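Below: one structure, written as structure tokens.
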Amino acid sequence: MPEGKRPVIIYGGSFDPPHRGHTALAAAALRQLKPSALYFVPGFRTPFKDLLPVPFAGRAALLKAALAEAGLGGRKEIKISSFEADRKRVVYTYETVAHFRRVHPGAPLYFLMGSDCLAGFGNWRRPGFILENARLLAGLRPGHSRGSGGAPFTALAGRFPRADSTGIRAELFLGRRPAQLHRAVLENIEKKLFYLGRERALLRKLLTPARFRHSLHTAELALRLAPAAGVPQQKAALAALLHDCARDLSPEALRRRCLKRAPRAAQPFLLLKEAPVLAHAWAGAALAAEEFGVKDPEILEAIALHATGAPGMGPLARLIYVSDLANRGRAFREAELVRKLAFKDFEAAFRAANYVKLVYAFSGGGWVHPLSVSLWNSLQEKKKG
Ligand SMILES: [Fe+2]
Ligand SMILES: [Fe+2]
């Protein structure tokens, strides 16, 4: 076949991170279509959606590592395109298709995707334009039907490993090693401290091993509950990991950081006198901002309010409040009850968490922070209203 008439394949996606499903799909597409070029086109990751997105260069390096391990490293047809990343905004697939149509005017163009993306194709921008210029090419992953919303597509022969990027990222945020990743990709991620590796490394220095484990348990639950709480995945992970970052500071450092951050409503002087253990929440917010460079006000709020709670807490703060109390590392029975409830009715679990904490505080017979009591009252008023 003359060069211009051989197919050209565009493989769009976030590749955040690239996994075995991606390389298996690319290998099948190369085998079946024998294209003159297969372009991986990693999309732009918005800082709005991701607090600390892995930059294009980082994902391109991970992709190269994955391809090399999958035995595709030497294939001249494979190229990694910065077309979408260079635009510094979300680029629609029809724009990418139009770009490669201009670059390869005579070639049959294919747009490669997993079957899970295929089902949503009808909702993409300008699907008609895409279908006029390119043919959809899909691998069918286990558990997905051949449904394409009516759009014609070419199916790749073979079955492709199940791998969902959200689940893989959740494991990476917890410092685990997901099996869906090539070994070389994992090593690269760990070396470059992507996916909150930098934050975990710093946290490990600040906390005792038991406290570090508690932070991971809190993050694990927060990640699982994040969709029900209406919170983005990475925000949930970062806030949960850092919620107790100041817990092991010296009393003097705690006091100094707490006074820096705690507003008048937190009654910092009374708190330091009556219940100094609570100071770590506000001190933690100060430490997260200064040492970890956290700027997101919702994360700082979640850290500051995780111990006492407060009326009007936002969704992320509520998520961390519940996850701190109800994670699987907690030995008391109420933790499991609240945890189970949270998967059925998150708001009910939030009220229950406040109840459990207040009962614990009252049973100690000491001073109870007014913000915790105000939270209780505000939730009762809401229930009646
Ligand atoms: Fe805490
Ligand atoms: Fe905690």
query = With a sphere of radius 12 Å drawn around the Cβ of V356, what net charge do the other residues whose Cβ falls strictly inside it have (Lys, Arg +1; Asp, Glu -1)?
reply = +2
query = Pick from Q32, Q233, Q180: which residue has the top mean-square fluctuation in a GNM of the chain where Cα pairs under 10 Å get a spring?
reply = Q32
ask   = What's the FRET efficiency of L270 with K34 using the Cβ-Cβ distance as r and R₀ = 56 Å, to the nearest 0.05?
value = 0.15
request  = Report, in degrees rounded to the nearest 10, the 0 to 90 angle that the Cα long axis of helix 333-344 makes with the longest principal axis of the chain.
outcome  = 40 degrees
task = Excluding residues fewer than 8 places away in the same chain, name every one of the aspartates and glutamates whose C-alpha is closer than 14 Å to that of K383.
result = E347
inquiry  = Give me the extension gain from T208 to L51: residue separation times 0.36 nm, minus the current Cα-Cα distance, reported in nm with one decimal.
reply    = 53.9 nm
request  = Rounded to the nearest 0.05, what FRET efficiency do V90 and A228 give with R0 = 25 Å and r taken as the Cβ-Cβ distance? Could you check?
outcome  = 0.45
request  = Using only alpha carbon pairs under 8 Å that are at least six residues apart, calculate the relative contact order of the chain and give it in whole percent.
outcome  = 12 percent
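Values in this text are rule-based calculations from the coordinates and carry no lab data. Quick caveat: nothing in here was measured; it's all calculated off a predicted structure. Ideal geometry is used to build each Cβ from the backbone, glycine not excepted, and the neighbour counts take in all protein chains shown.
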